[in-house]
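Participant: Take this structure first; my questions come after.
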Amino acid sequence: MSLSLFILGSLADENSHPYKLKKILQDALPINKISEGKFYYNFEALQKKGLIEPVETIQKENRPNKTLYRITQGGRQFLEQEIYDSFKNVSKLEDLYISIYLLKYIDPIKAAYFLEDAIKQEKRRWAEYREAKNKQEFKKRLELLDDKQQMALQFISEHAFSQSDQNILWMEKLLTFLKQIEIEIDRGVPKA
């Protein structure tokens, strides 16, 4: 859904056409290359849902026509809700990139509240994994594996746990960032 979010957020600022938005996306965020087919498919899907609509077709000699789109009122409401939902339901941190990029459309404190809960859930989940790893039952199953499998499992576990620690640290930094935005807004510091 993050690609659709980017399209909606971009159209919330100004009417535009798919090619221009695809270029902005690839220049602005560290994401993998997106195929034109996938990008245009998302435009079509958003239009079918009534979240965006075409407003004008620009015709230039010796150039393909460009259709400009705008976000609908329903699209604006959907955009806001989807950004909040991304903070509520964090599965991959990379999925938050576009939501962070579009923070100007939501209340950062509300997003921080959702993120705090997501951090607690993530910490709880990894604490349960660590606890399960230290139980006798797990150790008995580990003894059934040959030496190479035990070493491989240890190698995988080290990575998974260090990655989870890093992800939680990043989420905590994001939480601080969200709270800082609100503090600056309260002080009257203009948004960059």
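The values are calculated or read from the model by the stated rules, or taken from the named source; none is laboratory data. Everything numeric in this text was worked out from a predicted model, so none of it was measured. In this analysis, Cβ positions are derived from the backbone assuming ideal geometry, glycine residues included, and neighbour counts consider all displayed protein chains.
Participant: Where residues in region 110-125 are touching a helix residue (DSSP H, G or I) at 6+ places or on another chain (Cβ under 9 Å) and among the charged types (D, E, K, R), which of them is surrounded by the fewest Cβ atoms within 10 Å (Cβ to Cβ)?
Facilitator: That would be ARG125.
Participant: When you look at GLU14, is it at pLDDT 85 or above and not polar (S, T, N, Q), yes or no?
Facilitator: Here the answer is yes, as GLU14 does meet what is asked.
Participant: Here is a further query. Please determine, by comparing only the residues of region 17-53 that are within 25 Å of GLN77 (Cβ to Cβ) and among the charged types (D, E, K, R), which one is surrounded by the fewest Cβ atoms within 10 Å (Cβ to Cβ).
Facilitator: This residue is LYS48.
Participant: Let me confirm something: among GLU56, GLU14, GLU94, which residue is under 28 Å from ILE181 (Cα atoms), loosely packed, with under 13 Cβ neighbours inside 10 Å and over 21 Å from the mean Cα position of the chain (by Cα)?
Facilitator: Result: GLU14 is the single residue among GLU56, GLU14, GLU94 that is under 28 Å from ILE181 (Cα atoms), loosely packed, with under 13 Cβ neighbours inside 10 Å and over 21 Å from the mean Cα position of the chain (by Cα).
Participant: Every residue in region 148-169 that is under 20 Å from GLN121 (Cα atoms) and β-branched (Val, Ile, Thr), please.
Facilitator: ILE168
Participant: When GLY37 is evaluated against the numbered criteria (1) under 30 Å from LYS179 (Cα atoms); (2) part of a helix (DSSP H, G or I); (3) among the small types (Gly, Ala, Ser), which criterion, by number, is the only one it fails?
Facilitator: Evaluating GLY37 over (1) under 30 Å from LYS179 (Cα atoms); (2) part of a helix (DSSP H, G or I); (3) among the small types (Gly, Ala, Ser) leaves (1) as the failure.
Participant: From the list LEU68, LEU79, which residue is more than 14 Å from LEU174 (Cα to Cα), assigned to a helix (DSSP H, G or I) and touching a strand residue (DSSP E or B) at 6+ places or on another chain (Cβ under 9 Å)?
Facilitator: Within the list LEU68, LEU79, the selection yields LEU79.
Participant: With respect to the numbered conditions (1) modelled with pLDDT of 90 or more; (2) part of a helix (DSSP H, G or I), which one is the sole condition not fulfilled by LEU3?
Facilitator: (1)
Participant: Would you confirm whether any residue within region 136-159 is touching a residue at least 24 places away in the same chain (Cβ under 8 Å), touching a helix residue (DSSP H, G or I) at 6+ places or on another chain (Cβ under 6 Å) and over 30 Å from LYS20 (Cα atoms)?
Facilitator: Looking for residues that are touching a residue at least 24 places away in the same chain (Cβ under 8 Å), touching a helix residue (DSSP H, G or I) at 6+ places or on another chain (Cβ under 6 Å) and over 30 Å from LYS20 (Cα atoms), one finds none in region 136-159, hence no.
Participant: Scan region 6-20 for residues that are out of contact with any Ser or Thr (no Cβ under 7 Å at 6 or more places or on another chain) and not in a helix (DSSP H, G or I) and report the count.
Facilitator: Residues flagged as out of contact with any Ser or Thr (no Cβ under 7 Å at 6 or more places or on another chain) and not in a helix (DSSP H, G or I) within region 6-20 amount to 2.
Participant: Right, something else. Could you tell me whether GLU128 is acidic (Asp, Glu), out of contact with any helix residue (DSSP H, G or I) (no Cβ under 9 Å at 6 or more places or on another chain) and modelled with pLDDT of 90 or more?
Facilitator: Yes.
Participant: Checking GLY74 against (1) modelled with pLDDT under 95; (2) more than 12 Å from the chain's Cα centre (by Cα); (3) within 30 Å of PRO108 (Cβ to Cβ), only one condition comes out false. Which one?
Facilitator: Exception for GLY74: condition (1).
Participant: Something else about it: Pick from GLU61, GLU80, GLU56, GLU44: which is farther than 30 Å from LYS120 by Cα, outside the structural domain of GLN163 (by TED's automatic domain parsing) and at pLDDT 90 or above?
Facilitator: When all the criteria are applied, what remains is GLU44.
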